[in-house]
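What follows draws every value from the coordinates through simple rules; no lab data is involved. What you see is a predicted model; the values in this text were computed from it and never measured. Cβ placement follows ideal geometry from the backbone for every residue including glycine, while neighbour counts extend to all protein chains displayed.
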Amino acid sequence: MKTRTISAIIAMIILVSTNVSARETLAKATKGKFLMGVAINMQQVNGVNPVESDLIANEFSAVVAENCMKPQPTHPQENKYVWDDADKFVAFGEKNKQTVTGHCLIWHSQIGRWMFVNDSGKDVSPEVLKERMRQHIYAVVGRYKGRVKGWDVVNEAFEDNGTYRKSKFYQILGKDFIKYAFQFAHEADPNAELYYNDYNVETPAKCDAIVQLVKELKAAGCRIDAVGSQSHMHMVNPTLEATETSFKKLKAAGVHILITEWDVSILPSPYDGANISASFKYSKEMDPYRDGVPADVQQKWNKRVLDMFGLFLKYSDVVDRVTVWGLNDAGTWLNGFPIRGRMDYPVLFDRKNQRKSVVDEMIKMAQKTKVKK
Ligand code: XIL
């Protein structure tokens, strides 16, 4: 009897402790510090694999669409809008009581060429492009008014050296295209937060250019709540120091910070940027972990993730959201970028949808951090 009682107690303890650990999530541990988000695809929205949809619902407090709200899918032709996927995505986030972010309104990639040309294929005038931008932004932001908390209004307007990217928007309208985009977005939903988003924000020249842009937008009376740092990271770059320096500069500029597209590639890299048109040739040397990641490499990756997450927590007075770019290693865009057909391991759930051990460490770190907001 006694032994049975003891075993029953032990069984109960095991049950309770596994349940408790199953209940601990990044979403809960980061509550009050920042939102913990994930980028999701349409299969996940549609529940093709219910395990994935449940993980997204339970482990994260915010969602962003990996593709379906971009200019190309929502506005493939002039006067033609396609809302099915974006509508479902927003409803998915609402059903799960998650904060929904809009990504993205004005970007040189994933946008129909029609936006920039007239019937004879020539560049449109500045007036026409400005009006097309207005229509696009009013339509998308207006449709989800009050439901999307904030928008990546302009994505990737700078080169790494801090000069303006010579995109079609820039060529036709000059740098004012950014100001117009923020004005239109604010008119379409005055309560929505507005963000400027870019990769390699840790690069000093680029960070300085973004700070200057923030100042100019504010001086022009525009609303800008935060700068989104995509944070597509590698094993060495950006360094912790460079990342912290960029946070200090942004904080001093009076904007909040969002980690909008976090992933940490474990693979060797021929390119440190995230311009999606970059592409390099496949070789086996560039794809070393097809049969799994060696323990020492995995440890380095874990440390890198924890170092960065610790920094995000340290700045949680100004970091409002940390969003991982993709749920699991099977679906990460980095399996195809910037080299096609590789096997990367850059996010928090593995190819079998198991939560990586580093997440438990992250949760502990977050729990130890005092609420700063
Ligand atoms: C990527 C998506 O993850 C891919 O599925 C798609 O094929 C290309 O775009 N910077 C951004 C994101 O702002 O929108 C990009 O997402 C990754 C780089």
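Shape class for the stretch 248-373, computed from the alpha carbon gyration tensor (a ≥ b ≥ c): oblate, with a/c not under 1.5 and a/b at or below b/c. Rounded to the nearest whole Hz, the Karplus-based 3J(HN,Hα) values (6.51 cos²θ - 1.76 cosθ + 1.60, θ = phi - 60°) of the stretch 313-325 follow the sequence 5, 4, 9, 5, 5, 10, 7, 8, 7, 10, 10, 8, 8, with x at glycine and proline.
Summarising the amide proton neighbourhood of residue 319: residues at separation of 5 or more, or on other chains, whose placed amide H is nearer than 5 Å comprise 257. Rounded to the nearest 20 debye, the dipole magnitude of the chain is 960 debye, with +1 charges on Lys and Arg beta carbons, -1 on Asp and Glu beta carbons, and the Cα centre as origin. Across the stretch 229-238, computed HN-Hα scalar couplings (Karplus, 6.51 cos²θ - 1.76 cosθ + 1.60, θ = phi - 60°) run 9, 4, 6, 7, 9, 10, 5, 10, 9, x Hz from first to last residue, x flagging Gly and Pro.
Regarding the chain, what's the average projected area of the Cα-atom convex hull, expressed in nm²? Please list the in-between numbers first.
Numbers: hull surface 84.7 nm².
Approximately 21.2 nm², given one-decimal rounding.
Normalised by residue count, the stretch 154-272 yields a Cα convex hull volume of 104 Å³ per residue. A run of the chain free of exposed loop cleavage sites, with chymotrypsin sites (Phe, Trp or Tyr not before Pro) counted only in DSSP states other than H, G, I, E and B and at most 13 other beta carbons within 10 Å, reaches its longest extent at 1-270. Secondary-structure-derived ellipticity at 222 nm for the chain, considering helices only, amounts to -13000 deg cm²/dmol, per-run term -39500 (n - 2.57) for DSSP H runs with n ≥ 4.
With an a/c value of 1.5 or above and a/b not larger than b/c for the gyration tensor axes a ≥ b ≥ c computed over the alpha-carbon atoms, the stretch 92-221 is described as oblate. Partner lysines whose Cα lies under 19 Å from the Cα of residue 145, excluding those fewer than 8 positions away in the same chain, are identified as 70, 88, 95, 97.
For the stretch 93-104, backbone phi angles converted through the Karplus equation (6.51, -1.76, 1.60; θ = phi - 60°) give residue-by-residue couplings of x, 5, 4, 8, 6, 9, 6, 10, 10, x, 9, 9 Hz, Gly and Pro being listed as x. When the Cα gyration tensor is reduced to axis lengths a ≥ b ≥ c, the ratio a/c is 1.5 or higher for the stretch 166-219, and with a/b not above b/c it is classed as oblate.
Residues whose amide H falls under 5 Å from that of residue 151, counting only those 5 or more places apart or on a different chain, are 102, 193, 194, 195, with hydrogens built in the peptide plane.
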